[in-house]
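Colleague: Encoded as structure tokens, here's the structure I'll be asking about.
The numbers here are math on the coordinates, done by the rules we state, and not lab data. Keep in mind that this is a model prediction, so the values were computed, not measured. All Cβ positions, even for glycine, are placed from backbone atoms using ideal geometry, and neighbour counts span all protein chains on display.
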């Protein structure tokens, strides 16, 4: 049997959009989504809320794991166009981030129209915000890293447990957040893209009820 | 006759919402969008109205100002329009509003993080009077080649001895895109810089949206030896006595008698109520 979508499409998508807008305007800060619609595996409810809010017959969507039921569900409820190639997607739904294609595989826009670029919805394992610096020191591998000689950087990517620091438009000073379950070189890939600004890719991370956005302008700070 | 909530159909709102998210992601860049025909003419705020319609929810409290005033034709009509097609609460108090649509002013009262300011924009392209071709201005933005605008400001100095541009004063957003702040007086430009509130801009006729996210660097163009300056008055508001708000000069009789009053009516009446208390 097919699952339902938003119970109240007009107001549920409006409330979801306002959270997405605030998430994009205030990057690296997780916010709870107000409505979690039913969703077939492997799509998470929070990711489905974003798809139902933003996608329709005029958007091209790439599913990382296009399983039959998921395909039927998004086609029926959002009427969206599914594409085979990541570079054709306006939106890409990443349901298994560890095996996701490189960020370079997605559209970054062109110099006259940098808005013609992909938005990725990534189902992270967990998002945890602002672990304070003291807590970080007391807590395992990263704490060691901060006391070690800076010439020998530790193996784990800065955005693994313990959190990493972000700055950019929308962030008053800096924001610290940890996003788990991403490929090991994810942040290197993203940093490499920053050289092409204003071209780029905009990211929504979801975990549980939370959504967090990282527009292309948000910089990961070293250390 | 009934309408969908907030007048626009859901497909149009989704299109606007996608464009708004890209606009926020690329601060100051003009995102093209499929502007719809609205039940009022171009130039009356069709861009701002479409942005507001895409944002509006039943819990919002809407304020609309025109040149700072809540009681002018444009402001009254837009406020009435949304209370009719969306049933939302409206207010004239800046502090009570969650959403403020504005034509040509930023309220004097400081905005908060939980407020969104929507600007009505007649001409989103700051380079348009200098370069009429859209393909060319797109290229200039792609190359961040803003020499034309510096020449224009320089010519002001050569001709008048100072930068004579007093409204729609061009700004550089996040050090990248040259952006029109809409025809706000340059007096309001400093309020754009690192504002706690999100600012969205809609140009209906020109079919462009853009945004300045909160806490984003917004610089008004200037030269080292001709720094950016805002307007100053020798007068104070004759109604509330304010010396630091933007003043309108009003002719009050047939003999040319003038008075200076705050352009922000809510700010002015708030101060008068306070003074009486």
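Colleague: Over 5 Å intervals from 0, what percent of Cα-Cα pairs in chain B sits in each interval?
Modeller: 1, 6, 12, 16, 18, 16, 13, 9, 6, 2, 1, 0, 0
Colleague: Express in % the proportion of alpha carbon pairs of the range B:12-84 at distances exceeding 16 Å.
Modeller: Cα-Cα pairs in the range B:12-84 separated by more than 16 Å: 54 percent.
Colleague: Here is a follow-up. With the Cα gyration tensor of the range B:232-276 in hand, convert its eigenvalues to equivalent ellipsoid semi-axes via √(5λ) and list them largest first in whole Å.
Modeller: Those come to 19, 12, 8 Å.
Colleague: To continue, here is another question. How do the peptides B:30-37, B:155-162, B:137-144 rank, highest first, by the average count of neighbouring beta carbon atoms within 10 Å per residue?
Modeller: With the highest mean Cβ count within 10 Å placed first, the list reads B:30-37, B:137-144, B:155-162.
Colleague: By per-residue mean of other Cβ atoms within 10 Å, what is the highest-first order of A:104-111, A:58-65?
Modeller: Top to bottom by mean Cβ count within 10 Å: A:58-65, A:104-111.
Colleague: Computed FRET efficiency, Cβ-Cβ of residue A:180 and residue B:110, R0 41 Å: what is it to the nearest 0.05?
Modeller: My answer for the efficiency is 0.60.
Colleague: Using R₀ = 25 Å, calculate the FRET efficiency as 1/(1 + (r/R₀)^6) where r is the Cβ-Cβ separation of residue B:154 and residue B:128; round to 0.05.
Modeller: With R0 = 25 Å, the Cβ-Cβ based efficiency is 0.85.
Colleague: How crowded by other chains is A:50-59, given as the mean number of beta carbons from other chains within 10 Å of each beta carbon?
Modeller: Mean shielding by partner chains, rounded to a whole number: 3.
Colleague: Give me the inter-chain shielding for B:29-36: mean count of other chain Cβ atoms within 10 Å, whole number please.
Modeller: Average neighbour count from other chains, rounded to a whole number: 2.
Colleague: Kindly provide the helix-only [θ] at 222 nm of the protein assembly as shown, computed as the sum of -39,500 (n - 2.57) over DSSP H runs of four or more divided by all residues, to the nearest 500 deg cm²/dmol?
Modeller: Rounded to the nearest 500, the figure is -8000 deg cm²/dmol.
Colleague: Next question, about the same structure. Please compute the average number of Cβ atoms from other chains found within 10 Å of each residue's Cβ in peptide A:210-217.
Modeller: 3
Colleague: Taking the Cα centre of each part, how many Å lie between the range B:12-80 and the range B:138-212?
Modeller: 20 Å
Colleague: Mind checking the full-extension length gain between residue B:2 and residue B:42? Use 0.36 nm per residue of separation minus the Cα-Cα distance, one decimal, nm.
Modeller: So the chain would gain 12.1 nm between residue B:2 and residue B:42.
Colleague: If you don't mind, another one. Going by average Cβ density within 10 Å per residue, which order do the peptides A:68-78, B:221-231 take, highest to lowest?
Modeller: A:68-78, B:221-231
Colleague: Moving to a separate point now. Calculate the radius of gyration of the Cα atoms of the range B:95-182 to one decimal place, then report Dmax, the largest Cα-Cα distance, as a whole number, both in Å.
Modeller: Answer for the range B:95-182, Rg first and Dmax second: 15.6, 46 Å.
Colleague: Given a Förster distance of 41 angstrom, what is the FRET efficiency for residue B:143 paired with residue B:238, based on the Cβ-Cβ distance and rounded to 0.05?
Modeller: Efficiency for this residue pair is about 0.25.
Colleague: Taking the Cα atoms of the protein assembly as shown, report the difference between the largest and smallest coordinate on each principal axis, in whole Å and largest first.
Modeller: 79, 64, 53
Colleague: At 7 Å along Cα-to-Cβ for each site, give me the label-to-label distance between residue A:4 and residue A:75 in nm.
Modeller: In this crude label model, residue A:4 to residue A:75 measures out at 2.4 nm.
Colleague: Considering only the protein assembly as shown, what is the antiparallel percent among its DSSP beta bridges, to the nearest 5?
Modeller: Antiparallel: roughly 60 percent of the beta bridges in the protein assembly as shown.
Colleague: Let me ask something additional. Can you give the extra length, in nm with one decimal, that the chain gains between residue B:165 and residue B:248 once fully stretched, where that is 0.36 nm per residue apart less the Cα-Cα distance?
Modeller: That pair, residue B:165 and residue B:248, stretches by 28.1 nm at full extension.
Colleague: Once you have the Cα-Cα distance between residue A:45 and residue A:196, take 0.36 nm times their residue separation minus that, and quote the gain in nm to one decimal.
Modeller: Full extension from residue A:45 to residue A:196 adds 51.1 nm.
Colleague: Two decimals, Cα atoms only, Kirkwood Rh: what is Rg/Rh over the range B:74-230?
Modeller: 0.99
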